[in-house]
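Quick notes on the structure that follows.
The values are calculated or read from the model by the stated rules, or taken from the named source; none is laboratory data. Note that the coordinates shown come from a computational prediction; the quantities given were computed from them, not determined experimentally. Please note: Cβ atoms are built from the backbone with ideal geometry, for glycine as well, and neighbour counts cover all protein chains shown.
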Amino acid sequence: MVNNIQEKMIEQVFKKNIFILLQIIWIIEFYILGFLAIDSAIKKIFDIENMRYEIIENICYSVVDKINQYEEYIVYLAVVILIVGLMGIFFNFIPILSDHRVIIMYCDAGISIGVWLLRIYITYKIYSIWKLLVLLAPLIVYGITYIIKEKRGD
């Protein structure tokens, strides 16, 4: 029964488009890193070492280990897709292509995908450097995104 529920949840997540999937990944990452940061702070403040939630911690640390293992690929992929997305904007200026709704809507998709991948990476880096400050990651990521948008002219 649990496997059926998991399969249905995974199926529903993968029915979403790449933009929503990256947002879901970022939210899951934020909650996992936030949990680990708060858990670590509480254990240090109250000197509690025997309170362990092994199953939860194992899941959380396995996600963190995967991000750590692939962090340079995440950054590389984000930068490359961002550059391709910036180049894709030029499709809007090609008369034969700019008449198509799909081209207008998705030619710059790499920009959004690249920015979401960078958000995932930045959130992880904030956690790995400052732990508890990961809770401010949404504000920090928003600030960085705002600066990028201002420079881009959106």
- Output the number of the condition that LEU77 fails; it satisfies all remaining conditions of (1) of a type outside the set (Ser, Thr, Tyr); (2) surrounded by fewer than 18 Cβ atoms within 10 Å (Cβ to Cβ); (3) modelled with pLDDT of 85 or more; (4) closer than 16 Å to ARG152 by Cβ. (4)
- Message: Testing ILE126 on (1) modelled with pLDDT under 80; (2) under 19 Å from GLU29 (Cα atoms), one condition comes back false. Which one is that?
- Response: (1)
- Restrict the check to segment 82-101 and report whether at least one residue is in contact with an Asp or Glu (Cβ under 9 Å, 6 or more places away or on another chain), over 22 Å from ILE24 (Cβ atoms), surrounded by 15 or more Cβ atoms within 10 Å (Cβ to Cβ) and free of Cβ contacts under 8 Å to residues at least 24 places away in the same chain. yes
- Message: Cβ-Cβ distance below 6 Å, separation of 6 or more or different chains: which pairs start in segment 25-46 with a residue that is over 24 Å from ILE74 (Cβ atoms) and end on one that is modelled with pLDDT under 90 and in a helix (DSSP H, G or I)?
- Response: ALA41/LEU132
- Note on the structure: Expected output for segment 127-154 (first residue more than 22 Å from ILE89 (Cα to Cα), partner polar (S, T, N, Q), Cβ below 7 Å, 6+ apart or cross-chain) is LYS131/SER40; VAL134/THR123; ALA137/THR123; VAL141/THR123
